[in-house]
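These notes are about the structure you will find just below.
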Amino acid sequence: MKDIPFTRLPTKLIYTLDSDLLKMLAILIQQESYWKEHKKLGGNGSFYKPIKEFADCFRKKNLQDVRLILQTLQAEGFIEIISSKGGKQANYYRINWNKVEAYNDIPIPQLIQSPMIRTAKRTSKNSVEDNTVLYQQIEDDSTISYQQDNSLIVRDCTTTIDNIQNINNSITVDNTTSIKSPLHDAYKDRLDSLLSDYTNESDYIRALDMYSSILNDIEYASEHIPTAEIEDYRSQLEEAQTKRERTGWNIKLDKITDDMIQTYHTPNVYNVRTPKNTQQFAYIINDLLNNVDLYVSRDRWSNIAEDTEKWITRQWENDIISYDHQQEAIEKVYFKLSA
């Protein structure tokens, strides 16, 4: 038995939470223990875990289902979801142990007789604060991140392309029949527009945010568009992303003058190549930081650190580096560019 890894789980909550909420809390407790063991736990007890890892644990393709589990735990007071740096970076989580301990004094028979706390449904009109997702708003051909602070689900409202993601329409596509969702054309128009914007976007980091947003939109659209068309959209997105990865991320070196370019043939753009393995990744990070230190004005360092974190996370998502390498690299970047 001693060789079997265990996760701490509050006994009273077994009789309080539904299976998804209990499993999510167990995963969060395990993650907290991991960060504490590696001395990476935040001063407020917070820790990081990508939404994609949660989805993998629950075998769920639709990230909104995973977010609803997290949001329910937050609404009930068991956890806090923290968006760092004004929501520009990934989410961190903190377990509210005071809330957990509050159940210690409640007898198990009383818990069994009480209503079970269940995961919020997509059709629920209850307002659940959503800190786990950044939506993209296209305005004047620029992508602006903003957070959703209103109810997760919008009902009894006019169907428009702006609120289409929030409507749980009762008619969905049955991919084995010829039934066509009334939202089919609207979703196709939306995806066509998003893919066009993504393909034409020249900023590598901005495109990373767009990529995640389009993936979510494709998941939403899968309820209203046949599988064959959905797979075609996924294929188009991956093809565009592959081309972008080959090109890499360009950072403007504003300290390189025209004289330096003419005299020493020094380029004023540093190209961050996409690594193929951990060794290349380590070399690129070191080279990137050296170039920024030498050739980029300090007033840009903070923004470059945030962009580099996104680039690092992308390499982790592509299985180029491990989770530990990701965290170490992010810490290294912020330490170096903290001026």
Q: Might you report the magnitude of the Cβ-based charge dipole of the stretch 214-325 about its Cα centre, with Lys and Arg at +1 and Asp and Glu at -1, to the nearest 20 debye?
A: 560
(Q) I want to check the label-to-label distance for Ile4 and Ser19. Put each point 7 Å from Cα in the C-beta direction and report it in nm to one decimal. (A) 1.9
Q | Ranked order, Ser202, Ser193 - accessible area, probe 1.4 Å, largest first | A | Ser202, Ser193
Q: Output the relative contact order of the stretch 1-70, whole-number percent, from Cα pairs under 8 angstrom with separation of 6+ residues.
A: 26
Q) Using 1/(1 + (r/R0)^6) with R0 = 22 angstrom and r between the beta carbons of Asp254 and Tyr334, what's the FRET efficiency to the nearest 0.05? A) 0.55
(Q) Distances longer than 14 Å among the Cα atoms of the stretch 275-338: what percent of all pairs is that? (A) 52
Q. Going from most exposed to least, what order do Leu237, Leu9 have by accessible area with a 1.4 Å probe?
A. Leu9, Leu237
(Q) At 1.4 Å probe size, what's the solvent-accessible area of Lys180? Round to the nearest 10 Å². (A) 120
Q: At 1.4 Å probe size, with no ligands or nucleic acids counted, give the accessible surface of Ile4 in Å², nearest ten.
A: 90
(Q) At 1.4 Å probe size, put Leu73, Leu294, Leu63 in order of accessible surface, largest to smallest. (A) Leu294, Leu63, Leu73
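The values are calculated or read from the model by the stated rules, or taken from the named source; none is laboratory data. Remember, predicted model here, so these are calculated numbers, not experimental data. FYI the Cβ positions are ideal-geometry reconstructions off the backbone, even for glycines, and counts take in every protein chain you see. These area figures cover heavy atoms from the full protein model, side chains too; ligands, DNA and RNA do not enter into them. Shrake-Rupley method; radii C 1.70, N 1.55, O 1.52, S 1.80 Å.
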